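Below: one structure, written as structure tokens.
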Amino acid sequence: MASDGPIRTRRPAFSRWLAASNNITQQFLAIGVDPDFISMAGGLPAAEFYPTEAIAEATQLALARWGAGALEYGPIEGFAPLRQMIAARISRETGRRFAVDNVLLTVGAMQGLDLLGKVLIDPGERIVAQFPTYVGALDAWRPRLPVYEPLDWSPDTGTGVAALAAAKFVYTVPNYSNPTGALVPTAARLTLLEKVLEAGTWLVEDDPYLPLQYDGPAGPSLLALNGALEPAGPYRGPVIYLGTLSKSIVPGLRVGWVIAAPEMIQMLALAKQSSDLASSMLTHAVALELLEAGRETAHVPAIVRHYVERRDALCAAADAELAEWFDWEIPPGGMFVWMRRRHPSIDTDQLYGLALEQKVAFVPGSVFDPQGRLRSAMRVNFTRNPPSVLREGVSRLAEATKNLLASND
Ligand code: PMP
């Protein structure tokens, strides 16, 4: 019988943007499965403190309260009572009234970033972004082929109005940035806001680390500063603020929000429709119970105590074992220490490979650079592991660094 020939195995190629992507997040998830591995890579909270019982109780209460109503496809903007609550909360935090139509509930802040890409970026358009830049934002926007310009915050010599006007939006993480842990001073925030208002562009303020304050309060948000300039009437300013419950309660609820001018919220909602139709009303209803019962307010001080201890343990161990090769600042909040090489022959991409051999992981600086060129620094997380594990992780990192320098000789 005549054969029809070999089955065709060639398939159409994947979309071109994937070639410029990285699989670092997948790698971290895989590493997490090996019990001998110490991962100081992910931006993860400490799972042992998750308020599991409070979440179980809130789920029961939510179902008893809303019944089938919590199990439907929801409105695309999110569960109305939680939107109301977030509007009231942001009004309290900023001292300015925000209405429900200033609020969109999202699947974590990450979906807010994704939706912003959908509604604002056409290929080749410019984004002025805080540098180094949160890898999740770069990942979210990569398929849309933007061009990046680094944001310089300095009030006098910083990014000028013309550069801001040429950009579709400015992307910032002013509180305890990912990856550097840096806190932007209030004066710099105010100057940037003034320039943005003059330039007439959008200003994204991504603020997941606001609850994790260790050495005094974070500065006023760009949203609050803008609100103070225009205190009356509905909020129609340029700030697009992203918040989340991921760091203050648990990431697994996947509850985040965008606060912005109503016309921006409407466009994001339109984009959201084709992303997920509607996010889970059940988790919105659970989040509402948790917030109403004051669970977040009670939980945050408890985790902050542990995180301060962990930050200090990591920095003390690094002082003892890594100071010859790296410089860093003790971060005043957030989840990360940003270690910069002191020795030009330390390439953090190479070090990453050698660290994996020692069964320890960090995030190499290159993934926070749109060009992938930053190989002089690394992000080290301190929230996920207890002090003893962090100390062992630092010893392994020191070993990996010695191996790197020996291989360069
Ligand atoms: N923005 C920044 C700067 C982050 O660090 C993270 C979390 N790593 C996110 C957004 C996404 O957070 P969420 O869990 O709310 O999606």
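Quick test of your reading of the structure: Leu190 fulfils all but one of (1) away from the ligand (no atom under 16 Å from the Cβ); (2) closer than 28 Å to Gly124 by Cβ. Name the failing condition by number.
(2)
Considering only residues that are farther than 24 Å from Ala187 by Cα and surrounded by fewer than 20 Cβ atoms within 10 Å (Cβ to Cβ), look in region 220-249 and name the one that is nearest to the ligand (Cβ to nearest atom).
So the residue we want is Pro234.
For the structure I just gave you, tell me whether Ala298 is crowded, with 20+ Cβ neighbours inside 10 Å, free of Cβ contacts under 8 Å to residues at least 60 places away in the same chain, over 22 Å from the mean Cα position of the chain (by Cα) and over 20 Å from Tyr134 (Cα atoms).
Considered against the rule, which asks whether it is crowded, with 20+ Cβ neighbours inside 10 Å, free of Cβ contacts under 8 Å to residues at least 60 places away in the same chain, over 22 Å from the mean Cα position of the chain (by Cα) and over 20 Å from Tyr134 (Cα atoms), Ala298 comes out as no.
Sort out which residues of region 66-100 are within 16 Å of the ligand (Cβ to nearest atom) and over 20 Å from the mean Cα position of the chain (by Cα), and write them in order of number.
Gly78, Leu82, Arg89
If Asn22 passes every condition in (1) modelled with pLDDT of 85 or more; (2) surrounded by 12 or more Cβ atoms within 10 Å (Cβ to Cβ) but one, which one does it miss?
Against the list (1) modelled with pLDDT of 85 or more; (2) surrounded by 12 or more Cβ atoms within 10 Å (Cβ to Cβ), Asn22 comes up short only on (1).
Mind checking which residues of region 307-353 are out of contact with any Gly (no Cβ under 8 Å at 6 or more places or on another chain) and of a type in the set (Ser, Thr, Tyr)?
Answer for region 307-353, where residues must be out of contact with any Gly (no Cβ under 8 Å at 6 or more places or on another chain) and of a type in the set (Ser, Thr, Tyr): Tyr307, Ser345, Tyr352.
Taking the residues in region 364-409 that are among the acidic types (Asp, Glu) and within 28 Å of the chain's Cα centre (by Cα) as candidates, determine which candidate is nearest to Pro344 (Cα to Cα).
Applying the filter and picking the extreme gives Asp369.
Those residues that are away from the ligand (no atom under 16 Å from the Cβ) and free of Cβ contacts under 8 Å to residues at least 12 places away in the same chain, I need them from region 28-56; list them, please.
Ala30, Val33, Pro35, Glu48, Thr52, Glu53, Ala56
Looking only at region 83-100, how many residues end up being surrounded by fewer than 24 Cβ atoms within 10 Å (Cβ to Cβ) and not in a loop (DSSP other than H, G, I, E, B)?
Summing the residues that are surrounded by fewer than 24 Cβ atoms within 10 Å (Cβ to Cβ) and not in a loop (DSSP other than H, G, I, E, B) in region 83-100 gives 12.
Which pairs turn up if I take residues in region 222-241 that are farther than 11 Å from Phe98 by Cβ and modelled with pLDDT of 95 or more and look for partners that are part of a loop (DSSP other than H, G, I, E, B) and not hydrophobic (A, V, I, L, M, F, W, C) with beta carbon separation below 7 Å, at least 6 apart in sequence or on another chain?
Hits for this filter: Leu222/Pro174; Asn226/Gly237; Pro238/Thr201.
Among Leu203, Leu138, which is surrounded by 24 or more Cβ atoms within 10 Å (Cβ to Cβ) and more than 25 Å from Pro220 (Cβ to Cβ)?
Just one listed residue meets the conditions, Leu138.
Can you name every residue in region 239-273 that is of a type in the set (D, E, K, R), in a helix (DSSP H, G or I) and touching a helix residue (DSSP H, G or I) at 6+ places or on another chain (Cβ under 7 Å)?
Answer for region 239-273, where residues must be of a type in the set (D, E, K, R), in a helix (DSSP H, G or I) and touching a helix residue (DSSP H, G or I) at 6+ places or on another chain (Cβ under 7 Å): just Lys272.
So, in region 349-365, exactly how many residues are part of a strand (DSSP E or B) and small (Gly, Ala, Ser)?
Residues flagged as part of a strand (DSSP E or B) and small (Gly, Ala, Ser) within region 349-365 amount to 1.
Consider region 101-130. How many of its residues are among the charged types (D, E, K, R), in a strand (DSSP E or B) and within 16 Å of the ligand (Cβ to nearest atom)?
Looking only at that region, the number is 0.
For the condition buried (at least 18 other Cβ atoms within 10 Å of the Cβ) and assigned to a loop (DSSP other than H, G, I, E, B), what is the one hit in Ile330, Ile346?
On inspection, the qualifying residue turns out to be Ile346.
Just to verify a result, which residue in region 276-287, among those that are surrounded by 22 or more Cβ atoms within 10 Å (Cβ to Cβ) and more than 22 Å from the chain's Cα centre (by Cα), is farthest from Ala62 (Cα to Cα)?
It comes out as Met281.
Picking from Thr25, Thr59, Thr94, which residue would you name as being closer than 30 Å to Pro123 by Cβ, touching a residue at least 60 places away in the same chain (Cβ under 8 Å) and not aliphatic (A, V, I, L, M)?
Being closer than 30 Å to Pro123 by Cβ, touching a residue at least 60 places away in the same chain (Cβ under 8 Å) and not aliphatic (A, V, I, L, M) holds for just one of Thr25, Thr59, Thr94, which is Thr25.
The values are calculated or read from the model by the stated rules, or taken from the named source; none is laboratory data. As the structure is a prediction and not an experimental result, all values here were calculated from the model. With ideal geometry, Cβ positions are generated from the backbone for all residues, glycine too; neighbour counts draw on all protein chains shown.
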